[in-house]
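Data first, discussion second: the structure below is written as structure tokens.
Coordinate-derived values only; no laboratory data. Because the structure is predicted, anything quoted here is derived from the model rather than measured. Here the Cβ is made from the backbone with ideal geometry for all residues, glycine too, and neighbour counts use every protein chain on show.
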Amino acid sequence: MRLRVFIAVVLFAASVPATAAVSKVFRVEEKFTIAEGGTLLLENPIGNVEIFGSNEPGIGVDVLKTVIAGDAAGIEEGRNLTALVVGGNDRMRMLRATISPAKTQPWSSNVHWRVRVPRSTHMRIEGKSGQFIRVFNVDGNVFIRNINGDIVLENVTGLVNADTVNGSVNFGGSQLRSDVRLATVNGSVTARMQSDLDFRWIADTARGDIRTNLPVRGVFSATTFRGSVNAPGGPTLTTVSLMGNIYLYGSGVSVALAKSLRDMPPEQIAVIAQEQNRKVGSFRRSVVAGNLNYSTNLGDVVVSQVRGNADILTEAGQVQLGSVSGDAKVRSLGGALQFGEVLGALEASTRAGDILVEAAQRGGTLTTTGGTIRLLYTGGPTFLRSGGGDVVVRQAAGPVNAHTKSGDIAITIDRSSKRQKIDAVTEKGNIVFSLGGQFGADIDATIVTSDPIAHTIHSDITGLSFSRDQVNGKTRVRATGRINGGGERVTLHATDGSIRIIHAPDGPMLVGR
């Protein structure tokens, strides 16, 4: 690697009596070539670093080298032993500040880098001590390691891995296109994101708090929260602080609305059973790298991850799938079904058991003859049938058709949805329908009851028209009308139960079973 030493000129000199410290600042301005999509390596033992992306070609460098000493001889030695070096080539350009330990005079120095790069530049930055390392307006991947000092990233859309020991980490951007990891030991981590982005969020702090003003859903495992913001999927934002707090804020949302996730009762979702008490015919794997086709007369199926489609049949046993990259078709003649995130279409049925699904990205069909169905998120058309249990949909971003012969139905519309067709029927139970402030629909809600005092239709939404008549000796109450100008038809029908139409709460939410 060819190395080149920068030529520095004196920018500023402060002359003071010989018994006091003398400070001089040397300024360097240089330009270097770098290819589009090239990599910048920058090492700075002490001082600040600022790197910003632009549409101009090449690298522009503006460096301030400050030397502090007791006299002119110390200044000169510090200037000579604090070297600024450039090396590498157009594909990988290296910039480095070095401070030689061969001192004969008492002096100290620091280097402040201000570097302009093409937006597509990837970079790796290493620092030891300074007030901050700041990177903004860059589309390339960014790796930062610091010991003492803050890390600030703004509008960085590539892969990010930023660590500091004694300092805080701040990340801000309107988009999140790649995975981002922000970590500190003794500081706090703050991420500010566009409020309607869909991404996964992992937050881990041993001593601090975890706060957000965004609608999140997920679970705690020891000190680590794992969940999703808005719809599941998308890039992963990982925030780690050993001793400090973690904050996730949405742009345009008041910080005062932030809530602590630790104040909410943690729940465990889609627990993967451990390898013990293995039954005849059971299938247990951590990862299946491809399609999974398995059938058994008697046994459980427990897989943490399927990197393909899953087609499973068990005549007596439970099925637990942590995540499925493709479609999932699962049938059990007698056992509970549990799923993490299914990226493809989901078809799940059991004759005797509950069904729990964390996320059905493309929707699907869930059927149980005698159990409860709990679906935490659906992103496509979903059909839910229970022969004798409750049906719960925590976050519906697609059409929902739900029916139970004996049980309650609770459906919460995704807060970003403006229109969605909903059909909910319970032959003996209650219905709770929760919607956001921008959701528009044509409402048709009906109850048929022998006790009209106990069973009613309650709506937080104004503008519905109510009617009452008698049908086969029972009272029928019907509420119809438009919400927010109308939209898809929302049909709610409850026999011997009540119907409630309410506003869904904003803000963070831990979703349990």
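Could you order peptides 24-30, 236-242, 253-259 by the average number of other Cβ atoms within 10 Å of their residues, highest first?
Numbers: 24-30: 17.0, 236-242: 21.1, 253-259: 12.9.
Listed from highest to lowest mean packing, they are 236-242, 24-30, 253-259.
Name the residue from Ala352, Gly234, Gln420 whose Cα lies farthest towards the positive end of the charge dipole of the chain, charges +1 on Cβ of Lys and Arg and -1 on Cβ of Asp and Glu.
Gly234
Can you flag which of Lys31/Lys65; Lys65/Lys103; Lys329/Lys418 are past 19 Å Cα-Cα?
Working: Lys31/Lys65 17 Å; Lys65/Lys103 17 Å; Lys329/Lys418 30 Å.
Listed pairs above 19 Å: Lys329/Lys418.
Calculate the translational D of the chain in whole µm² s⁻¹ from Stokes-Einstein, where the hydrodynamic radius comes from the Kirkwood formula applied to all Cα pairs, the temperature is 4 °C and the viscosity 1.567 mPa s. Walk me through the numbers on the way to the answer.
Working: Rh = 26.6 Å.
Once the numbers are plugged in, D ends up at 49 µm²/s.
Kindly provide log₁₀ I(q)/I(0) values, in the same order as q = 0.15, 0.17 Å⁻¹, from the Debye equation applied to equal alpha-carbon scatterers of region 58-207.
So the normalised log intensities work out to -0.86, -1.02.
Give, in nm to one decimal, the length gained when the segment between Asp62 and Asn484 is fully stretched (0.36 nm per residue of separation minus the Cα-Cα distance).
Numbers: separation 422, 0.36 × 422 = 151.92 nm, distance 5.56 nm.
Full extension from Asp62 to Asn484 adds 146.4 nm.
Rounded, prolate or oblate, given the Cα gyration tensor of region 317-456, with a/c below 1.5 counting as rounded?
Details: a/c = 2.62, a/b = 1.27, b/c = 2.07.
Here region 317-456 falls in the oblate category.
I'd like the antiparallel share, as a percent to the nearest 5, of DSSP beta bridges with both residues in the chain.
30
Over all distinct alpha-carbon pairs, what is the Kirkwood Rh of region 390-513 in angstrom?
One decimal place: 14.5 Å for the Kirkwood radius.
What is the dipole size for region 54-119, taken about its Cα centre, with +1 at each Lys and Arg Cβ and -1 at each Asp and Glu Cβ, in debye to the nearest 20?
320
Restricting to region 435-495, compute how many DSSP beta bridges are antiparallel as a %, nearest 5.
If we restrict to bridges inside region 435-495, about 65 percent are antiparallel.
Give the cross-link partners of Lys405 among the lysines, using a straight C-alpha distance below 23 Å as the criterion and excluding same-chain residues fewer than 8 apart.
Within the straight-line limit of under 23 Å, Lys405 reaches these lysines: Lys421, Lys428, Lys474.
Under the rule of -39500 (n - 2.57) per DSSP H run of 4 or more residues, summed and divided by the residues of the chain, what mean residue ellipticity at 222 nm is obtained, to the nearest 500 deg cm²/dmol?
-500 deg cm²/dmol
At a Förster radius of 30 Å, what calculated FRET efficiency corresponds to the Cβ-Cβ distance of Arg307 and Ser120, to the nearest 0.05?
0.45
Describe numerically, in nm with one decimal, the distance between label points set 7 Å from Cα along Cα→Cβ at Asn293 and at Asn166.
Computed distance between label sites Asn293 and Asn166 equals 6.2 nm.
When every alpha-carbon pair in region 55-114 is counted, what percent end up more than 19 Å apart?
40
Beyond 18 Å, what percent of the Cα pairs of region 164-230 remain?
38
Lys/Arg Cβ at +1, Asp/Glu Cβ at -1, dipole of the chain taken about the Cα centre: which of Val117, Ile411, Leu41 is farthest positive-ward?
Leu41
Set the Förster distance to 22 Å, then compute FRET efficiency between Val255 and Thr223 from the Cβ-Cβ distance, nearest 0.05.
Here the calculated transfer efficiency is 0.40.
As an exercise, use a Förster radius of 56 Å and the Cβ-Cβ distance of Asp444 and Glu36 to find the FRET efficiency, rounded to the nearest 0.05.
The formula returns an efficiency of 0.45 here.
For region 157-197, compute the orientation-averaged projected area of the C-alpha convex hull (one quarter of its surface), in nm².
Values: hull surface 10.7 nm².
Spelled out: convex hull of the Cα atoms, projected over all directions, averaged, 2.7 nm².
Compute log10 of I(q)/I(0) for region 338-421 with the Debye formula, placing one identical point scatterer on every Cα and leaving out solvent, at q = 0.11, 0.15, 0.19 Å⁻¹, to two decimals.
With no solvent term, the Cα-only Debye profile gives -0.23, -0.44, -0.70.
Show me 366-372, 450-456 ranked by packing, highest mean number of other Cβ atoms within 10 Å first.
Answer by packing, highest mean first, reads 366-372, 450-456.
Once the mean 1/r over all distinct Cα pairs of region 125-238 is inverted, what Kirkwood radius in angstroms do you read off?
Evaluated on region 125-238, it is 14.3 Å.
Nearest 10 degrees, 0 to 90: what angle lies between the long axis of helix 72-81 and the longest principal axis of the chain (Cα atoms)?
Its long axis makes an angle of about 50 degrees.
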